[in-house]
Amino acid sequence: MDRLVGLEPWNLVSIRIEPGQKCYGELTLRNVMYTMPVAFRIQALSKTRYTIKPQSGIMSPLATLTIEITYHLSPGSLLPETFPHCEDSFLLHSVVVPGAAIKDATSSMDAVPIDWFTTRKKQVFIDSGIKVMFVGSPILAQLVMDGSMDEIREVLEHSDPSWNPADAVDFHGKTLLHIAISQSRADIVQLLLEFEPDVEFQSRSGYSPLEAAARSGEALIVELLLARRASTERSQSSTRGPIHHAAGGCHLEVLRLLLLKGANVNALTKDGNTALHLAVEERRRGCARLLLASGAKADARNNGDGDTPLHIAAGLGDENMVKLLLHKGANKDIRNKNGKIAYDIAAEDGHARLFDALKLGDSLCIAARKGEVRTIDRLIENGAAINGRDQHGWTALHRAAFKGKTDALRVLIGKGIDVDAKDEDGYTALHCAVESSQADAIELLVKKGADVEARTNKGVTALQIAESLHYVGITRVLIHGGAAKDGVTRLVVPALHSPFRNGMAGKEVETKPMKKRPLRARTLRGSFDRAMPLAVV
C-alpha cells in the first residue's frame, strides 16, 4: 500500500481566478481504507499564498471530503505570476487513526493532534504530487491572446464543470471567440467550438462572433461559425449584421458564404440601409454585383433621405457603379425624400460624366426617335454623349434609323456619330432600318457610308434580312450601294435582343408578297414604344 487517501479526479487542484471574486479551487479526498478511519493533514509549501479549509481531519472508511483551497493574489495583481501552471504544490500527510483514538474519532480539525503526523512510531504517508493549475476567464483570455493552443485545451479540460469555460469573457467584455477572431486564429476558434460556447454571445461592443468575423473578412472562421449554425441575422444590439460587414468591407468570399447559408440579401442595418447601399457607398463593385445577382433590390430606399443605391452612386460620381445599377434595372426616375432623382444629385455634386447615363442620353434617344433636330443639337451641346449606348447597346442612330427619322439621322451623322456602331447582338443602324422597312433611312445611311456588308453576331447582313422579308425595293438599294448578293433569299432570322424580336426568333419568314411596311409594329418584338419605356418619357 502506498497511500491511504486518494485524490479525485486528479492530483491537481484547479484554482479559478475571476476579477473581484475569491480565487479558490476544490480538492476531493477519499479514504481508500475499507475498515479503518484515516487522519489527514494538507500543508501548502508556500504558506502565505494559500488558505486551506479544513487543513486536517479524520475520514471514515471509504468516505470522501472536499477541501477548499483559496489563493491570495498579490496586491494590485490581476493574474498570478505564472500560469496556467506554477511551481506551488501541497503535501498531503495521512495516517491510520490510532486504535486508542478510533472510538472518539471525529472530523473536527481540533480532534487531530499534530503529533499523529510527526511521531516516528507510526507509518505516515506523505503525498507531494498535488500540483496547482490556474483557470478562469482572465487566464483563458490571456492564453488565447498568446495563442497557446495546448495550454488553452488543458485549462478548458480542467475547469470546474459548473460553468462553461469556453464562454469566458475578458476585462473588456470580449469572449474567447471574439479574441481568437481578432487574432485571426481559426485554429483556436475551432478548438473553442469543440467545447460548445454560445456562438450568439455578444461582446460588450455589441458584435456577435459571426459579425466580428465578417467584419474582419475571416472567411474560414465564418465558415466554422456557420457550420455551428451561427445566425446570419443582425444581432439586436449591433448596428450592422454579418452581410452588411462583408459587403461594406468588400469581403467577397465571406459574402458568398453568408448568401449560400441563406442570409437575407435585403436585410437592413439599424439605420435602414441594405448591404447593397453599403457596397455602393464603399465603391465595392464586386460585392454589389454579387448582391444584385443574389436578388438584392436595386431600388431599395434607405431610412435616411430615402436614397436608393443609384442616388448614392450618383453622389459619389462612381460611373462604373451607376452603369452596373442601370444595367441591373435600377430606376433612374425614383425621387428621394427631398424630391431628387439620381441625376439631380450628380448635377449638384458636379459629376458631369454621369449626366449622359442618368438623363441626357435618354433625352437624346427620345429626341432621335421623335426626329426632334433642335433638341438633338441642344443636348449634344450640353454634354450628351453622341455615341452613348443603352443597356442593349443601341445608340441614338439605331433609334432614329428604326423609326425612319432621316432629319435626325443627318444631324447625328453630321455631329460625328459612329454610323456602323453595333448593339449587343451585332446590329448596326442599317440592320435596324432594313428590319423596320425604312427605305429613306436606308438610302441615307448607304449614301453616308454605312457598311452594307456588316454582319450581326449570327453572321446576317442587311441584304439577307431584306431578301428574307421580300423587300424588293430595299434589296435593290442595298445592292446598288455595294451589297454583295450571295443568293440567300430564305433564312432563319436569328433572335435579336429581347425588347424587339421575340416574334421572329428562330422562325422562317414567309416569302409571299408583303404590303408596305408590315413589320413596324407586328412582326418584331412588340412595338418600339412598348419595348423601350425609357425612350417615350
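Listing F90, F125 from fewest to most neighbouring C-beta atoms within 10 Å gives F125, F90. In terms of Cα atoms, the Rg and Dmax of region 5-135 work out to 15.7, 50 Å.
One decimal place: the segment I126-Q190 gains 18.9 nm when fully extended, by the rule 0.36 nm per residue minus the C-alpha distance. Dividing the C-alpha radius of gyration of region 194-239 by 2.2 N^0.38 Å, with N its residue count, gives 1.06.
Expressed to the nearest 5 percent, the antiparallel share of DSSP beta bridges inside the chain is 90 percent.
In the frame of its principal axes, region 17-87 has Cα extents of 49, 21, 19 Å, reported largest first. Think of the chain as a dipole: +1 on every Lys or Arg Cβ, -1 on every Asp or Glu Cβ, centred on the Cα centre; then among G317, I17, F134, G317 lies furthest on the positive end. With a Förster radius of 25 Å applied to the beta-carbon distance between D407 and A352, the computed FRET efficiency rounds to 0.30.
On the beta carbon distance between V373 and I479, with R0 = 22 Å, the FRET formula returns roughly 0.10.
Multiply the residue gap between T118 and K53 by 0.36 nm, knock off their C-alpha separation, and tell me the result in nm, one decimal place.
Extending this stretch completely gives an extra 21.3 nm.
Take the chain, drop everything but the C-alpha atoms, weight them equally and run the Debye formula without solvent; then report log10 I(q)/I(0) at 0.08, 0.13 Å⁻¹ to two decimals. After summing over all Cα pairs, the log10 values are -0.71, -1.14. Charges were assigned to the Cβ only: +1 to each Lys and Arg, -1 to each Asp and Glu. The resulting dipole of the chain about its Cα centre is roughly 2680 debye.
Between E81 and L220, the contour length at 0.36 nm per residue exceeds the alpha carbon distance by 46.5 nm. Which whole-angstrom value gives the distance between the alpha carbon centres of region 357-401 and region 427-490? When both Cα centres are located, 23 Å separates them. For K131, the amide hydrogen comes within under 5 Å of the amide hydrogens of L12, V13, counting only partners 5 or more places away or on other chains and with H modelled in the peptide plane.
In what sequence, highest mean first, do 455-468, 203-216 appear when ranked by Cβ atoms within 10 angstrom?
Peptide ranking by packing, descending: 203-216, 455-468.
Residues within the reach of a label modelled at T28 (point 7 angstrom out along Cα to beta-carbon, backbone nitrogen below 11 Å), restricted to region 141-182, are 161. Each peptide in 475-484, 222-231 gets a packing score, the mean of other Cβ atoms within 10 Å over its residues, and the list from highest to lowest is 222-231, 475-484.
No value in this document is a laboratory result; all are computed from the given coordinates. A quick note: this is a predicted structure, and the numbers were derived from the prediction, not measured. Every residue, glycine as well, gets a Cβ built from its backbone with ideal geometry; the counts of neighbours run over all protein chains shown.
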